[in-house]
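The next block holds one structure in the form of structure tokens; read it before the comments.
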Amino acid sequence: MRKIIHVDMDAFYASVEQRDEPRYRGMPLVVGGLPDQRGVVAAASYEAREYGIHSAMPSRTAIQRCPHLIFVSPRFDVYHSISEQIREIFYEYTELVEPLALDEAYLDVSTNKKEAPSATLIAREIKDHIFEQTGLTASAGISINKFLAKVASAINKPNGICLIPPDKAESFVEKLNIEKFHGIGPVTAERMRNLGIQTGADLKLWSEIELLRKFGKVGSYYYHIVRGRDDRPVVAHRIRKSIGAEESFADDLNGRDAILRALQEISETVKRRIDHTETSARTLTLKVKYGDYVQVTRSRTAIDPIREVADMMKLAVELLETTEVDTKAVRLLGITLSNLDSERQSQDCIQLTLDFN
């Protein structure tokens with residue numbers, strides 16, 4: 001039987017900003033773009049959440065809900081650095097660490113470097129070490145599988161801990177509101193409620209065949225998790241498939257010079273990220289969204305590795321020629337590098353391609 005911990009930082013981006021700027025503490029704050037720049041909330045402090053503000057919400061909506069809301073631009077380099085620091089704490093206990101994002105990860109501590117018998121005590125130690133080293137709080141869920149650990153980590157947020165022991169797994173899930181199931185989003189939850197499924201106990205009344213008919217392949221997943229079953233292992237050292245960056249503009253870009261300046265800045269961001277991973281790529285994809293919201297992508301695979309800003313710009317400019325940027329305003333630009341050295345199998349040859357989507 002596995003011992004799985006899910007560690008989830010509390011309002012990570014917003015908490016970092018409140019940690020680093022004392023005047024922000026205790027104030028409703030979001031990390032994201034400004035309302036007059038078509039911004040979107042990337043993260044919200046717990047004070048902001050009291051106003052119903054959440055991630056992915058348009059900044060204009062957020063400021064309407066809380067007129068004195070503080071907006072802070074994201075500092076991803078800082079968040080990445082702190083995330084690495086936290087991950088090193090995880091590796092003090094186990095090599096079986098599966099990061100889900102900068103602010104959360106699964107740990108399998110069934111056998112661990114400390115030879116500690118209690119996963120709950122390990123989770124408490126990890127939380128304490130994170131706070132000592134970063135000044136930030138985390139919440140942790142502990143159980144026998146990933147689904148239960150993930151659900152448990154949200155129970156006592158912020159700065160909480162929750163254990164779902166094996167003998168309580170099914171009864172816990174039965175009492176859980178359907179919206180609280182990890183893997184069931186708002187749309188699916190609404191569909192389930194329309195079918196009379198309000199809780200785990202209601203979902204458990206449905207056979208696997210019935211769930212497959214109503215929800216497709218994912219119905220089998222629902223059938224098993226409502227019974228506390230999840231056989232997915234914690235997968236360490238997941239191979240990254242792509243690295244990229246994009247920017248949405250407050251005012252649509254018009255003219256080649258403005259577009260090239262924006263691509264230069266985006267390329268520099270991608271350069272920093274690919275340097276961080278110590279890899280290179282062979283395929284570059286240019287993403288363009290026009291002012292009328294029509295979006296196109298153009299890709300090219302090169303013979304030589306793509307790593308430097310000049311390499312990215314050369315390919316991006318070539319791909320730009322296949323778009324309509326000379327006649328249409330541009331709302332968004334993005335560059336993504338894929339076919340990374342870290343995940344690419346050895347090849348006898350590489351074919352040049354130009355893909356139109």
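Taking each DSSP H run with n ≥ 4 as -39500 (n - 2.57) and averaging over every residue of the chain yields -11000 deg cm²/dmol at 222 nm. Note that segment 152-271, at 25 °C in a medium of 0.890 mPa s, gets a Stokes-Einstein diffusion coefficient of 134 µm²/s from its Kirkwood radius over C-alpha pairs. Cβ crowding within 10 Å, taken as a proxy for footprinting-reagent exposure, orders Arg49, Arg256 from fewest neighbours to most as Arg256, Arg49. The shape of segment 215-336 can be summarised by an equivalent ellipsoid whose semi-axes, obtained from the alpha carbon gyration tensor, come to 35, 21, 12 Å from longest to shortest. Taken as Cα centroids, segment 13-56 and segment 90-132 sit 28 Å apart, rounded to the nearest whole angstrom. The relative contact order of segment 13-74, computed from alpha carbon pairs under 8 Å that lie at least 6 residues apart in sequence, is 36 percent.
Put the Cα centre of segment 274-331 next to the Cα centre of segment 173-221 and the gap is 41 Å. Note on Arg229 and Lys168: the extension gain reaches 20.7 nm, defined as 0.36 nm multiplied by sequence separation minus the Cα-Cα distance.
For segment 59-107, the mean projected area of the C-alpha convex hull, equal to one quarter of the hull surface, is 4.7 nm². Net charge of the neighbourhood of His224, taken over other residues with C-beta under 13 Å away and scored Lys/Arg +1, Asp/Glu -1, is +2.
Among His129, His6, His68, His276, sorting on how many other beta-carbon atoms sit within 10 Å of each Cβ, with the fewest leading, yields His68, His276, His129, His6.
Label zone (Met27, point 7 Å along Cα-to-C-beta; backbone nitrogen cut-off 11 Å) within segment 53-72: 68-72. For Ile155, the amide hydrogen comes within under 5 Å of no other amide hydrogen, counting only partners 5 or more places away or on other chains and with H modelled in the peptide plane. Largest mean-square fluctuation among Asp257, Asp311, Asp230, in a Gaussian network model of the chain whose springs join Cα atoms under 10 Å apart, belongs to Asp257. Using the Cβ-Cβ distance between Thr327 and Val187 with R0 set to 51 Å, the FRET efficiency works out to roughly 0.85.
The modelled label-to-label distance between Tyr91 and Lys204, using points 7 Å beyond Cα along the C-beta direction, is 4.1 nm. When Ile82, Ile161 are arranged by Cβ crowding within 10 Å, least crowded first, meaning fewest neighbours, the order is Ile161, Ile82.
Using a cutoff of 8 angstrom between alpha carbon atoms and counting only pairs six or more residues apart, the relative contact order for segment 242-356 works out to 42 percent.
Radius of gyration over Kirkwood radius for segment 176-225, both on Cα atoms: the Rg/Rh ratio is 0.90. When the chain is treated as a GNM with alpha-carbon contacts under 10 Å, the residue of Gly135, Gly160, Gly39 showing the greatest mean-square fluctuation is Gly135. Each residue of segment 20-26 was assigned a 3J(HN,Hα) from its phi angle through the Karplus curve 6.51 cos²θ - 1.76 cosθ + 1.60 (θ = phi - 60°); the sequence is 7, 10, x, 5, 8, 5, x Hz, with glycine and proline shown as x. Based on alpha-carbon atoms, the Kirkwood radius and the radius of gyration of segment 13-74 give Rg/Rh equal to 0.92. Scaled against the 2.2 N^0.38 Å expected of a compact globular protein of N residues, the Cα radius of gyration of the chain reads 1.12. For the chain, the residue among Gln18, Pro166, Asn156 whose Cα projects farthest onto the positive side of the dipole built from Cβ charges is Pro166. Relative intensity of segment 1-135 on a log10 scale, I(q)/I(0) at q = 0.11, 0.13, 0.18 Å⁻¹, equals -0.46, -0.61, -0.94, per a Debye sum over C-alpha point scatterers of equal strength in the absence of solvent. Counting only alpha carbon atoms, the long axis of helix 309-320 and the longest principal axis of the chain meet at about 70°. Backbone geometry of segment 149-157 corresponds, through the Karplus equation with coefficients 6.51, -1.76 and 1.60 at θ = phi - 60°, to 3J(HN,Hα) couplings of 5, 5, 5, 5, 5, 8, 5, 10, 5 Hz, x marking Gly and Pro. Taking each residue as 0.36 nm, the span from Arg19 to Val317 lengthens on full extension beyond its C-alpha to C-alpha distance by 103.2 nm.
Readers should treat all values here as calculations from the given coordinates under stated rules, not as data from a laboratory. In this text, all values refer to a predicted model and were calculated from it rather than measured experimentally. Positions of Cβ are backbone-derived with ideal geometry, glycine not excepted, and every protein chain shown enters the neighbour counts.
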